[in-house]
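Q: Supplied in structure tokens, the structure appears directly below.
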Amino acid sequence: MDKKQKMVPKLRFPGFNDDWEQRKVGDTCKINGRIGFRGYTEKDIISKEAGGVLTFSPTNIVDNKLTMDCKNTYITREKYDESPEIMIKNGDILFVKTGSTLGKSALVAGLDEDASINPQIVVMRVEEGTEAFFSNVLITQDVLKQVAAVRIGGAVPTMTETELKNFVYYEPASKAEKVKIGEYFSNLDNLITLHQRKLDQMKNYKQGLLQKMFPKNGEHIPEIRFPGFTDAWEQRKLGEVCERVTRKNKNGESDLPLTIASQYGLIDQRNFFNKVVAAKDMSNYYLLKKGEFAYNKSYSNGFDYGSIKRLNAYEQGCLSTLYICFGITSDDIESDYLECYFDTLKWYGDVSQICDEGARNHGLLNVDTKAFFDEVTIEMPSSKEEQRKISAYLNNLDNLITLHQRKLDQVKEYKKGLLQQMFV
């Protein structure tokens with residue numbers, strides 16, 4: 001491929017034929033951020049209710065968008081007014097210049113209040129109308145490779161303003177082409193936002209139902225119930241309806257190493273970690289069969305006391321003996337219902353009572369196995385038909401959530417492919 005061909009994208013809007021030009025970020029972009037700005041002292045931080053001005057941090061940048069779905073910081077009006085270099089407006093492009101998320105970026109849009117940035121972020125400004133184009137330039141593979149190649153000093157990755165200005169990229173000579181490309185990707189981003197919103201709505205709806213379709217603490221009847229069922233719910237100890245599974249993979253019956261991901265359940269750890277974390281010899285691992293459960297005592301964000309998941313995706317697999325595995329032994333409870341019950345996290349109250357939080361081993365909660373079966377309470381309708389109705393309804397919701405997640409992932413992948421074809 002000759003030099004001329006390298007300066008033309010694979011996919012292009014009709015009517016544009018000129019070669020793209022190599023440019024430096026510093027030639028086309030004004031970078032507004034004071035390297036010496038030391039940030040905010042305790043006296044600069046104030047609540048929103050007290051008149052504070054919103055300030056964005058790297059945690060607000062998710063998938064190249066600004067999000068408010070995190071803890072936000074507000075600074076005093078005085079600090080905001082005296083620091084013009086930290087003020088932002090719609091059309092600005094935020095770029096993280098230091099820290100573990102160095103290189104994350106987002107286009108500011110839809111901002112309806114005064115706002116600022118913290119010292120980890122700089123503001124990039126380009127010609128009006130080309131903001132959406134340039135914000136997508138920053139997430140192309142060529143630019144991301146330049147970010148990755150930046151030399152770092154000390155333990156915290158840091159990029160100087162000079163290094164950022166020296167980044168090179170290609171752009172059309174025509175502003176009209178940049179505008180058209182930017183508009184197309186803005187429409188894609190709006191579609192991604194729409195699918196994300198629908199997904200979040202479904203997840204929130206399910207979480208609300210989980211609170212109402214199961215009795216509150218100290219009660220024996222849920223707030224929402226299917227018609228025809230009036231009996232009080234029963235309380236059973238986990239050990240009364242299940243028993244521990246300790247069978248080993250001694251004969252090498254399975255070579256599938258499993259792990260529990262709180263969001264995805266029991267999955268192949270090779271896919272989750274992109275490598276095998278398990279020992280090569282898994283003969284001493286537990287052999288879990290399809291339909292059996294496992295408790296991962298590792299705490300993670302949103303799952304303070306770990307996760308309990310059922311093996312659904314495979315006929316069998318191997319699990320570390322750090323997990324507590326068990327299967328249903330009672331005819332009084334439906335497996336699908338028990339799976340849904342564990343999703344409510346209502347069992348956290350019992351685990352918190354038997355968990356020695358002062359002793360954690362490699363991120364694992366110290367939960368006594370015998371106490372786990374003796375003290376964890378399962379709340380359940382006495383009618384298995386009611387159990388089936390509850391689990392069927394919630395499983396249908398899960399299918400809808402999966403559908404929305406799949407649509408979201410498809411649009412994201414489509415955008416990713418276009419970035420490779422519509423930029424040089």
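Q: Would you mind telling me which residue in 32, 166, 301 has the biggest mean-square fluctuation in a Gaussian network model of the chain, where springs connect alpha carbons within a distance under 10 angstrom?
A: Sorting by GNM fluctuation, first place goes to 301.
Q: Let me ask something else. Could you report the range 132-259's accessible area per residue, 1.4 Å probe, as an integer in Å²?
A: I get 56 Å² per residue for this part.
Q: Using only helices, what value at 222 nm comes out for the chain when you add -39,500 (n - 2.57) per DSSP H run of length 4 or more and divide by the total residues, to the nearest 500 deg cm²/dmol?
A: Working: 13 runs with 142 residues, N = 424.
Result for the chain: -10000 deg cm²/dmol, rounded to the nearest 500.
Q: Sticking with this structure for a sec: Using 0.36 nm per residue, how much length does the chain from residue 399 to residue 175 gain when fully extended, once their Cα-Cα distance is taken away? Spell out each step's value before the answer.
A: Working: separation 224, 0.36 × 224 = 80.64 nm, distance 4.46 nm.
Answer, rounded to one decimal: 76.2 nm.
Q: Please give the per residue volume of the convex hull enclosing the alpha carbon atoms of the range 140-226, rounded to a whole number of Å³. Walk me through the intermediate numbers first.
A: Details: hull volume 16.4 nm³, N = 87.
Hull volume over Cα atoms, normalised by residue count, gives 188 Å³.
Q: Something else now. Leaving out ligands, DNA and RNA, and with a 1.4 Å probe, what % of the accessible surface on the range 92-184 is carbon or sulfur? Intermediate results must be reported in sequence, preceding the final value.
A: Working: 2050 of 3980 Å².
Carbon-and-sulfur percentage of accessible area, whole number: 52.
Q: Between their Cα atoms, which of 24/178; 248/289; 104/198; 198/412 are more than 21 Å away from each other?
A: Numbers: 24/178 16 Å; 248/289 11 Å; 104/198 25 Å; 198/412 15 Å.
Pairs exceeding the cut-off: 104/198.
Q: Between 104, 407, 250, where does the largest GNM mean-square fluctuation fall for the chain, given springs only between Cα atoms within less than 10 Å?
A: Comparing 104, 407, 250 in the GNM, the peak value goes to 250.
Q: So which GluC sites (Glu not before Pro) in the range 82-151 end up in coil per DSSP with only 11 or fewer other C-beta atoms within 10 Å?
A: Sparse-neighbourhood loop GluC sites (Glu not before Pro): 82, 113, 128.
Q: Under 10 Å, Cα contacts only: if you run a Gaussian network model on the chain, which one of 375, 413, 78 comes out with the highest mean-square fluctuation?
A: Looking only at 375, 413, 78, the biggest GNM fluctuation is shown by 78.
Q: If amide hydrogens are placed 1.01 Å from N in the peptide plane, which non-local residues have theirs closer than 5 Å to the one on residue 115?
A: Counting only residues 5 or more places away or on other chains, the set is 88.
Q: Cut-off under 12 Å on the C-alpha distance; same-chain residues fewer than 8 positions from residue 48 excluded. Which aspartates and glutamates are left, in chain and number order?
A: Qualifying aspartates and glutamates at Cα under 12 Å: 113, 114.
Q: Take residue 100 and residue 268, extend 7 Å from each Cα along the Cα→Cβ direction, and tell me the distance between the two endpoints in nm.
A: In this crude spin-label approximation the distance works out to 2.8 nm.
Q: What is the sum of charges, Lys and Arg at +1 and Asp and Glu at -1, for the other residues whose Cβ falls under 12 Å from the Cβ of residue 330?
A: Details: positive: 236, 237, 384; negative: 234, 240, 243, 331, 332, 334.
Net local charge, residue 330 excluded: -3.
Q: Moving to a separate point now. For every other residue with a beta carbon closer than 9 angstrom to the beta carbon of residue 311, add +1 if it is Lys or Arg and -1 if Asp or Glu, then tell me the sum.
A: Details: positive: 289, 290, 309, 310; negative: 292, 315.
Neighbourhood net charge equals +2.
Q: Still on this structure, please answer the following. To the nearest 20 debye, what charge dipole does the chain have about its Cα centre, counting +1 at the Cβ of each Lys and Arg and -1 at the Cβ of each Asp and Glu? If you can, show how the numbers build up before the last one.
A: Values: 58 positive and 60 negative charges, 281 e Å.
Its charge dipole is roughly 1360 debye.
Q: Using a 7 Å offset from Cα along Cα-Cβ at residue 156, what residues in the range 47-71 end up with backbone N under 13 Å from the label point?
A: 58
Q: Once amide H atoms are built 1.01 Å from N in the peptide plane, which residues 5 or more positions from residue 242, or in another chain, come under 5 Å H to H?
A: 329
Q: Right, next: Which one, (1) 22.5; (2) 18.5; (3) 27.2, gives mean projected area of the Cα convex hull in nm² as derived from the coordinates shown?
A: Label of the calculated value: (3).
Q: Still on this model: Starting from 0 in steps of 10 Å, tell me what percent of the Cα-Cα pairs of the range 117-184 lands in each bin.
A: 17, 45, 29, 8, 1
Q: What list of ³J(HN,Hα) couplings, whole Hz, do you get for the range 379-386 from phi and the Karplus terms 6.51, -1.76, 1.60, once you set θ to phi - 60° and write x for glycine and proline?
A: 9, 8, x, 5, 7, 5, 5, 5
Q: In a shell of Cβ-Cβ distance under 13 Å around residue 404, excluding residue 404 itself, what net charge do Lys and Arg (+1) and Asp and Glu (-1) give? Could the numbers behind the result be given before it?
A: Values: positive: 197, 198, 203, 206, 406, 407, 412; negative: 200, 398, 409.
Spelling it out: positives minus negatives among the neighbours equals +4.
The values are calculated or read from the model by the stated rules, or taken from the named source; none is laboratory data. Note that the structure is predicted; figures quoted are calculated from it, not measured. Please note: Cβ atoms are built from the backbone with ideal geometry, for glycine as well, and neighbour counts cover all protein chains shown. Keep in mind that these areas ignore ligands, DNA and RNA; they rest on the heavy atoms of the full protein, side chains included. Shrake-Rupley method; radii C 1.70, N 1.55, O 1.52, S 1.80 Å.
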